Structures are given as structure tokens and as C-alpha cells.
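Novice: My structure is below; once you've seen it, I'll send some questions.
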Amino acid sequence: IRKYVAIVSLEQRQHYEDDFNAEYEEYWNLHSVIDKTAKKFRQFQEQWKSLTPGSEAYQVKKDKTMKTVLLHHSSV
């Protein structure tokens, strides 16, 4: 766990606030990407529950899922 030094001045507080604000948009964008990816995986998981392992439908879904994952991974 990272420990932070106590803020002892308004200047130090402003510096921390400026650093936070400078990085916040990037954090939020990454959070959005992760959230969308997690949602896709939850959808895949729900769809897979209705398929029988080894069936043609299962294999088609597996192939499609892998293509989607690899495509997404290569674009990140």
C-alpha cells in the first residue's frame, strides 16, 4: 500500500489536486474501456450457458468469441 505524505500547505494541496485532475480523464477513459470489455464477457458467459460443450453451436460461439477478444486486444 502506498502511503501519502500529509498535506501541510495550500500549495501542496493545489499541486496534488492539479496532478489528480491532469490524470483523471485518462483514468476515466480506461475505466470505460474496461467496463465495456467486462460487459462483453458477461454477455458471452450468459450465451455460453445455453450451449452444449462439443456441439457445433458451441464451437461456432467459441470461434466468434476468440475472434472478438483478439480483435479487441489488438486495438488496445
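The values are calculated or read from the model by the stated rules, or taken from the named source; none is laboratory data. Predicted model only: the values in this text are computed from it and were never measured. Virtual Cβ from ideal backbone geometry, glycine too; neighbours counted across all protein chains shown. Just so you know, the surface numbers come from the protein's heavy atoms only, side chains and all, with ligands and any DNA or RNA stripped out. Shrake-Rupley method; radii C 1.70, N 1.55, O 1.52, S 1.80 Å.
Novice: Under a point spin-label approximation (7 Å from Cα along Cα-to-Cβ), what is the residue 49-residue 11 distance to one decimal in nm?
Specialist: 5.9
Novice: Putting +1 on Lys and Arg Cβ atoms and -1 on Asp and Glu Cβ atoms, find which of 15, 58, 69 reaches farthest to the positive end of the dipole of the chain.
Specialist: Final value for the positive-end residue is 58.
Novice: What is the local net charge at residue 51, summed over the other residues whose Cβ is closer than 10 Å to its Cβ (Lys, Arg +1; Asp, Glu -1)?
Specialist: Residues close to residue 51 contribute a combined charge of +2.
Novice: If each Cα of region 10-74 is one equal point scatterer, what is log10 of I(q)/I(0) from the Debye formula at q = 0.13, 0.14, 0.19 Å⁻¹?
Specialist: So the normalised log intensities work out to -0.54, -0.58, -0.80.
Novice: OK, next. With every protein chain left in place, what is the accessible area of residue 16 in Å² (1.4 Å probe, nearest 10)?
Specialist: My reading of the accessible area for residue 16 is about 80 Å².
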